[in-house]
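The structure appears below as C-alpha cells.
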Amino acid sequence: MARFVTVAAGQLGPIARSETRGEVVARLMALMRQAHANGCDLIVYPELALTTFFPRWYFEDQAEIDQFFEREMPGPETQALFDLARECGIGFYLGYAELTVEAGIVHRYNTSILVDRSGAIVAKYRKVHLPGHTEHEPWRKFQHLEKRYFEPGSGFGVTAAFGGVMGMAICNDRRWSETYRVMGLQGVEMVMIGYNTPVHNPPAPEHDDLSLFHNHLVMQAGAYQNATWVVAVAKAGVEDGHPLFGGSLIVDPNGEIVAEAKTEGDEVLVHPCDLDATTFGKTTIFDFARHRRIEHYGLI
Ligand code: CDV
C-alpha cells in the first residue's frame with residue numbers, strides 16, 4: 001500500500017512587530033483549519049513564525065530581545081494551536097525563537113519542532129547554519145544579527161513519524177548540500193524547511209534578482225540528489241518596512257516543483273506526497289551504499 005502524506009505549506013504574510021502572539025496564533029490556526037479542510041496530515045509553518053523577523057534590528061537591551069523568545073512550548077499563547085492540532089488530527093512543523101535554561105545557563109536557539117496528530121512534540125531541531133554577523137554594522141540598511149542573538153544548534157537528525165522518515169532544517173540550512181546529505185544518509189523521505197529571506201542582500205545587491213532562482217536551485221537539487229520530498233515555507237511580504245520574498249514550494253524526489261505559492265500573504269499549498277516515490281532514487285542512481293566514494297571525500 002502506498003504511503004501518502006498530504007502536506008500543507010502554510011505560508012505567512014508579514015508579522016508586524018506590534019502584532020501580539022495571540023493574533024499570530026489565530027492566523028496559524030486559520031491556516032491549519034484550511035489544511036484540515038483539504039485533508040492534510042501535516043502543515044509546515046515558516047521559521048520564527050510567532051514574531052517579526054527581529055534579527056534585522058540591533059538591540060542593546062537583552063530584555064527587549066528576549067520578548068521575541070518562547071520560554072515554554074506549548075506556552076499560554078501557543079497551547080490553542082496544539083489543541084486544534086489534536087482536535088483535527090493534524091501534525092505541524094513550527095519555527096520559533098527558543099530560550100532555555102540548562103544547568104543555570106541561558107541558551108537561545110532558532111528552533112523548529114515537529115508535532116504529531118495527537119499534539120505531542122516528537123522532534124526538535126535547532127538551526128545549525130546561522131547567517132549574518134555578530135556585531136552591529138550601521139552601514140547596512142538593516143541588520144542580520146542571527147549570529148548575535150542565537151547560538152548554533154544540534155545536528156541533522158531524522159524522526160520516524162507520519163508513516164515515514166521526516167527531517168527538519170531552517171532557512172539558511174537549505175543552501176547547504178550537507179544539510180540534505182546528512183539526512184539523506186539516514187533515509188530521509190521528507191525535509192521540512194521554514195524560512196525568512198530578505199529580498200535585499202546588503203553585501204551583494206547584484207544578487208537580489210537571483211533570489212528566487214537560488215531558492216529553487218538549492219531545494220530542487222537537495223530533493224533530487226537525496227531522493228526526498230522537500231517542503232519549504234516562507235514568511236513573506238513587507239514586514240515592518242522590510243521586504244521578504246515568498247516562493248514557498250513543494251518539491252518531489254525527482255527535483256520537480258509540484259506546488260508553489262502565488263502570493264506574499266497567508267496562503268496554503270497542498271500536495272499529496274507519496275513517500276514511496278523516494279524509493280526509486282534511493283535504490284538506483286542515489287543508492288549511497290553502492291555508489292558513494294567516500295575515500296575521495298576526505299576534505300569534507
Ligand atoms: N533567515 C535566514 O537564514 N536568512 C538567510 C538570508 C540572510 C540569506 C537565508 O539564507 O535565506
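If the chain linking THR283 and GLU151 were pulled fully straight, counting 0.36 nm for each residue of separation and taking away their Cα-Cα distance, it would gain 43.8 nm.
In terms of distances greater than 24 angstrom between alpha carbons, the cross-link table entries LYS127/LYS282; LYS124/LYS147; LYS147/LYS282; LYS147/LYS235; LYS262/LYS282; LYS235/LYS262 yield LYS127/LYS282; LYS147/LYS282; LYS262/LYS282.
Which value, in debye to the nearest 20, gives the size of the charge dipole of the chain about its Cα centre, when Lys and Arg are +1 and Asp and Glu are -1 at the Cβ?
Working: 26 positive and 38 negative charges, 132 e Å.
Roughly 640 debye, rounded to the nearest 20.
A straight line joining the Cα centroids of segment 169-194 and segment 226-300 runs 8 Å. Distant-in-sequence amide contacts of GLU70, defined by a placed amide H-H separation under 5 Å and a gap of 5 or more residues or a different chain, comprise ALA97, GLU98, LEU99.
For SER211 and GLU64 in the same chain, what is the full-extension length gain: residue separation times 0.36 nm, less their Cα-Cα distance, in nm? All intermediate terms of the calculation are to be shown ahead of the outcome.
On the way: separation 147, 0.36 × 147 = 52.92 nm, distance 3.10 nm.
That works out to 49.8 nm of additional length.
Think of segment 182-300 as a dipole: +1 on every Lys or Arg Cβ, -1 on every Asp or Glu Cβ, centred on the Cα centre; then among LEU217, ASN201, ILE285, ILE285 lies furthest on the positive end. Using the Cβ-Cβ distance between MET29 and HIS296 with R0 set to 51 Å, the FRET efficiency from 1/(1 + (r/R0)^6) comes to roughly 0.55. Working note: Karplus 6.51/-1.76/1.60 with θ = phi - 60° gives segment 126-137 the couplings 10, 3, 8, 8, 8, x, x, 9, 9, 9, 5, 10 Hz, where Gly and Pro are set to x. So what is Rg over Rh here for the chain, counting just Cα atoms and using Kirkwood for Rh? Dividing the radius of gyration by the Kirkwood radius yields 0.95.
Within the chain, antiparallel bridges make up roughly 65 percent of the DSSP beta bridges whose residues both belong there.
Based on the Cβ-Cβ distance of LYS262 and SER18, what FRET efficiency does E = 1/(1 + (r/R0)^6) give at R0 = 30 Å, to the nearest 0.05? The partial results should precede the final answer.
Working: r = 27 Å, r/R0 = 0.91.
The pair LYS262/SER18 has a calculated efficiency of 0.65.
Distance between the C-alpha centres of segment 1-74 and segment 153-168: 19 Å, rounded to the whole angstrom.
When you filter the trypsin sites (Lys or Arg not before Pro) in segment 241-300 for DSSP loop state and at most 16 other Cβ atoms inside 10 Å of their Cβ, you are left with LYS262, ARG292, ARG293.
Each residue of segment 276-287 was assigned a 3J(HN,Hα) from its phi angle through the Karplus expression (A = 6.51, B = -1.76, C = 1.60, θ = phi - 60°), giving 6, 5, 7, 5, 4, x, 6, 10, 10, 5, 10, 7 Hz with x at Gly and Pro. When the chain is treated as a Gaussian network with alpha carbon springs shorter than 10 Å, the biggest mean-square fluctuation among LEU99, LEU269, LEU210 belongs to LEU210. Phi-derived couplings, Karplus 6.51 cos²θ - 1.76 cosθ + 1.60 at θ = phi - 60°, listed residue by residue for segment 188-202: 4, 10, 8, 10, 9, 9, x, 8, 9, 10, x, 5, 9, 10, x Hz, with x used for Gly and Pro.
Extension gain, ASN38-ARG140: 0.36 nm per intervening residue step, less the Cα-Cα distance, totals 32.4 nm.
Sorting check: for 138-148, 16-26, which peptide has the highest mean count of neighbouring beta carbons within 10 Å, and how do the rest follow? Let's see the in-between values first.
Details: 138-148: 16.0, 16-26: 13.7.
Taking the mean over residues of other Cβ atoms within 10 Å, the ranking is 138-148, 16-26.
Where a number appears in this text, it was derived from the coordinates with a stated rule and is not lab data. Every value quoted in this text rests on a predicted model; they were computed, and no experiment measured them. We place every Cβ from the backbone using ideal geometry, glycine too, and count neighbours over all the protein chains shown.
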